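**Student:** Supplied in structure tokens, the structure appears directly below.
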Amino acid sequence: MGTYGYAAPEYVMTGHLTSKSDVYSFGVVLLEMLTGRRSMDKNRPNGEHNLVEWARPHLGDKRRFFRILDPRLEGHFSIKGAQKAAQLAAQCLSRDPKARPRMSEVVEILKPLPNLKDMASSSYYFQTMQSNRNRSNVNAKNGTRAQAGFVVRKGQPMRSLSASSNHQAPHPSPKPKAKES
């Protein structure tokens, strides 16, 4: 039995595993890395419990996919690399197993990504997005308040994609090491 949240839809329906089922599961893991979220999280608001269903509408859109990226990355990622990883995740998570790439194709797509140099932190778009996140902290209302990059509701911290990322997260994401020349 596959782990719920990682199991491909066709496996859930038929119980038959294929190499394309593994590709789907890898797509979920890739999505977890991009978003900093778990595949299933009942502590999230309604509509966000299932990571794949929540993220799917954002993956194919080059502008909207930034909304799902883990804010703890704080711009320490390549824009093109993140876009390609999001597109790859969308392909891996296709509802049609035949539309998913082979793992050898996945590897070839991933290989060049660590060498991309277009860091998000230096882009105008990312700086504007960060500024908007900071402003949204000041305007938090309705029983929620921003606190060091988290939204606190009923005394429980909830990470928010609209909250500032100028904080030390309880489980910080690793930052890429600078390449030595």
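The values are calculated or read from the model by the stated rules, or taken from the named source; none is laboratory data. This is a predicted model, so every value here is computed, not measured. Glycine also receives a Cβ, built like all others from the backbone with ideal geometry; neighbour counts cover every protein chain displayed.
**Student:** From Tyr11, Tyr4, grab the single residue that is over 22 Å from Met119 (Cα atoms), over 10 Å from the mean Cα position of the chain (by Cα), among the aromatic types (Phe, Trp, Tyr) and loosely packed, with under 15 Cβ neighbours inside 10 Å.
**Tutor:** Matching residue, one of Tyr11, Tyr4: Tyr4.
**Student:** Ok, one more. The conditions are (1) outside any helix (DSSP H, G or I); (2) modelled with pLDDT under 95, and Pro101 fails exactly one of them. Which is it?
**Tutor:** Unmet for Pro101, out of (1) outside any helix (DSSP H, G or I); (2) modelled with pLDDT under 95: (2).
**Student:** Quick check on my filter: what residues within the range 21-55 are within 10 Å of the chain's Cα centre (by Cα), part of a helix (DSSP H, G or I) and not hydrophobic (A, V, I, L, M, F, W, C)?
**Tutor:** Correct list: Glu32, Thr35.
**Student:** Please go through the range 57-87 and pick out each residue that is of a type in the set (Lys, Arg), surrounded by fewer than 18 Cβ atoms within 10 Å (Cβ to Cβ) and not in a loop (DSSP other than H, G, I, E, B).
**Tutor:** Within the range 57-87, Arg64, Arg67, Lys80, Lys84 qualify.
**Student:** Which pairs do you get when a residue that is over 20 Å from His49 (Cβ atoms), found in the range 3-16, comes within reach of a residue that is part of a helix (DSSP H, G or I) and not hydroxyl-bearing (Ser, Thr, Tyr), reach meaning Cβ atoms under 6 angstrom, with the pair 6+ apart or on two chains?
**Tutor:** Glu10/Pro97
**Student:** Kindly indicate whether Gly47 is surrounded by fewer than 16 Cβ atoms within 10 Å (Cβ to Cβ), of a type in the set (Gly, Ala, Ser) and over 18 Å from Pro112 (Cβ atoms).
**Tutor:** yes
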